[in-house]
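A quick write-up on the structure given underneath.
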Protein chains: 2
Amino acid sequence: MVQGKTPVEANDGKTTRQRRNQPLVIVNSGAGKGKSTAAFGLALRGWNQGWSIGVFQFVKSAKWRIGEQSALETLAEVHRDTGKGGPIEWHKMGSGWSWSRKEGTEEDHAQAAVEGWAEIKRRLAEETHQLYILDEFSYVLKWGWIDVAEVVETLQNRPGYQHVVITGRDPHPDLLAIADLATEMTKIAHPFDRGQKGQKGIEW
Amino acid sequence: MVQGKTPVEANDGKTTRQRRNQPLVIVNSGAGKGKSTAAFGLALRGWNQGWSIGVFQFVKSAKWRIGEQSALETLAEVHRDTGKGGPIEWHKMGSGWSWSRKEGTEEDHAQAAVEGWAEIKRRLAEETHQLYILDEFSYVLKWGWIDVAEVVETLQNRPGYQHVVITGRDPHPDLLAIADLATEMTKIAHPFDRGQKGQKGIEW
């Protein structure tokens, strides 16, 4: 990506600076790999800018601790110890959200998703983070656990400078319609297709 | 991605363990965002596994220091100081490779690319890293600076357990043909299309 190049000229009366610093809704979808990985890669950029970052993993199993979590939590420790970079919080739905006392089970994922979204709404209103990663959030919309109209309204009216990245297959069209940046990861070839199993470092 | 699920059964006489730990050639292509970002996200997983990681940025300008470099170099420092995670080296072609005494200029990029590839070949032969990220390497093949047949032969015959990720648009068909995992990042919507400029934390 070439820095700062725009294929069309904006005609919106804004200054370059105003156009440059726009909070984005970003959607990474598709059947290919890289939806979450690219989101976590973006967290590296945000960390380096000193942003506060909140990661919210929907759907993933409680026991599932992916390498990105360890690595990003290490960067969060560096921030706490030295002030370098920014703070990163990592929250998982699977085992019950960290702010909730309840232990989650497989059965009450729908309610956990609703609670997770309520917390994200609160944080957006309070402008807690500059970057939110709602990992696999497309599915909770697809399954009707959370009302897409409410999500769209909340994202469109969020105050201040807050980027929101949503990952997962089959994003709702109403969500895609308000995305500033939407990328579909398309599979060309995948080792699973020829019987290769998932392996550490690549899948988690 | 569901862990360990394979849609087809392999019939290659290998054990599950052998099939699980296969070194991969990974190609992230397409006009959308996330090619490099997903590669650097994968580096987080590799770091967490304690892998040695080598990043080789082809093409990018010398002055261009992206957030991922700072963040991954911070993780490399943590590894040096505490033993946590793995080592990460970051090399850029733009200003002359770090192992070369020469200052590069815009004019001798082709030669710098050849030198970079020669170094990567040496490291593959010596099994220096478990994960190589050849960022924007597709372009040096496209421009004919490096012979694709030699790259394909080297990758196919590399010894041991070494993953290689190549990013960039328009990957050569011969490269795609040997990719174990190939994903195309397709643009659905992009802020540049409506005059939005690149911004810190998102584009770099």
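The values are calculated or read from the model by the stated rules, or taken from the named source; none is laboratory data. For clarity, every value in this text was computed on a predicted model and none was experimentally measured. Reconstructed Cβ throughout: ideal geometry from the backbone, glycine too, with neighbour counts over all protein chains shown.
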Hits in region B:169-184 - residues which are charged (D, E, K, R) and either under 9 Å from A:HIS190 (Cα atoms) or exposed (fewer than 15 other Cβ atoms within 10 Å of the Cβ) (or both): B:ASP170, B:ASP174, B:ASP180
Any chance A:ASN21 is modelled with pLDDT of 95 or more and within 8 Å of chain B (Cβ to nearest Cβ): no
Selection within region A:144-200 - within 19 Å of A:THR128 (Cβ to Cβ) and in contact with a Gly (Cβ under 8 Å, 6 or more places away or on another chain): A:HIS163
Residue that is nearest to the other protein chains (Cβ to nearest Cβ) [pool: residues in region A:176-201 that are in a loop (DSSP other than H, G, I, E, B) and closer than 28 Å to B:HIS163 by Cα]: A:GLY195
Any chance A:VAL55 is touching a residue at least 60 places away in the same chain (Cβ under 8 Å), more than 8 Å from every other protein chain (Cβ to nearest Cβ) and surrounded by 24 or more Cβ atoms within 10 Å (Cβ to Cβ): yes
Any pair with Cβ under 7 angstrom, 6 or more apart, that starts in region A:114-126 at a residue that is among the acidic types (Asp, Glu) and ends at one that is at pLDDT below 95: A:GLU115/A:TRP97; A:GLU115/A:SER100; A:GLU119/A:TRP97; A:GLU119/A:TRP99
Yes/no for A:THR37 being among the hydroxyl-bearing types (Ser, Thr, Tyr), modelled with pLDDT under 95 and farther than 26 Å from A:LYS200 by Cα: no
